[in-house]
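The values are calculated or read from the model by the stated rules, or taken from the named source; none is laboratory data. This structure is a prediction, so every number in the text was calculated from the model and none was measured. Note: ideal-geometry Cβ built from the backbone for every residue, glycine included; neighbour counts use all protein chains shown.
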Amino acid sequence: MPGKFEIKKAKNGQFHFNLKATNGQVILTSEMYTTKRSAKNGIASVMKNGAEDGQFARLESKSKKPYFTLKAKNHQVIGQSEMYETEKARENGIKSVMKNAPGAKIEDLTIA
């Protein structure tokens with residue numbers, strides 16, 4: 001069973017989404033979007049690009065914590081991971097995105 005995308009609305013009125021693994025853990029967080037349509041386009045981009053290892057940038061924070069970003073073909077960042085304790089944990093996070101993103105369902109949490 002694949003994971004799911006959750007679309008949320010921030011207090012400032014913008015939209016963002018999280019990709020969650022089947023265990024409920026957030027594995028990728030999007031940027032903020034001005035419209036829900038833009039957020040849905042971002043989800044479509046994650047579904048498309050999230051299956052390709054070459055679209056992931058493996059990075060290190062200023063505090064030396066490994067993390068990754070997922071980029072679209074135009075090199076724009078479409079999502080970022082949490083900070084991990086080890087590079088192995090980061091690789092597991094990337095594998096989880098690759099496994100969960102392509103077939104994930106979309107849950108719109110902005111609808112009351």
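Being within 11 Å of Tyr67 (Cβ to Cβ) and not aliphatic (A, V, I, L, M) is the filter here; which residues of the stretch 86-96 pass it?
Glu87, Arg90, Gly93
Can you report the number of residues in the stretch 14-30 which are at pLDDT 95 or above, surrounded by fewer than 21 Cβ atoms within 10 Å (Cβ to Cβ) and either of a type in the set (A, V, I, L, M, F, W, C) or more than 15 Å from Ile106 (Cα to Cα) (or both)?
So the answer is 2.
Considering the stretch 69-93 alone, what residues qualify as being polar (S, T, N, Q) and assigned to a loop (DSSP other than H, G, I, E, B)?
Asn74, Gln76, Ser81, Thr86
Can you find a residue that is in contact with a strand residue (DSSP E or B) (Cβ under 6 Å, 6 or more places away or on another chain), modelled with pLDDT of 95 or more and part of a strand (DSSP E or B) anywhere in the stretch 94-106?
yes
Starting from the stretch 63-81, take each residue that is more than 17 Å from Glu31 (Cβ to Cβ) and in contact (Cβ under 8 Å) with a residue 12 or more places away in the chain and list its partners that are of a type in the set (D, E, K, R) and in a strand (DSSP E or B), counting only C-beta distances under 8 angstrom and pairs at least six apart or across chains.
Every condition considered, the pairs that remain are Pro66/Arg58; Pro66/Glu60.
Can you tell me which residue within the stretch 19-33, out of those that are assigned to a strand (DSSP E or B) and in contact with a Phe, Trp or Tyr (Cβ under 7 Å, 6 or more places away or on another chain), is farthest from Val97 (Cα to Cα)?
The extreme case among them is Tyr33.
Might you let me know whether the stretch 71-81 holds any residue that is of a type outside the set (A, V, I, L, M, F, W, C), under 12 Å from Lys20 (Cα atoms) and surrounded by 11 or more Cβ atoms within 10 Å (Cβ to Cβ)?
Within the stretch 71-81, one or more residues are of a type outside the set (A, V, I, L, M, F, W, C), under 12 Å from Lys20 (Cα atoms) and surrounded by 11 or more Cβ atoms within 10 Å (Cβ to Cβ).
Consider Arg58 carefully, then state whether it is at pLDDT 95 or above and in contact with a strand residue (DSSP E or B) (Cβ under 7 Å, 6 or more places away or on another chain).
Spelling it out, Arg58 is indeed at pLDDT 95 or above and in contact with a strand residue (DSSP E or B) (Cβ under 7 Å, 6 or more places away or on another chain).
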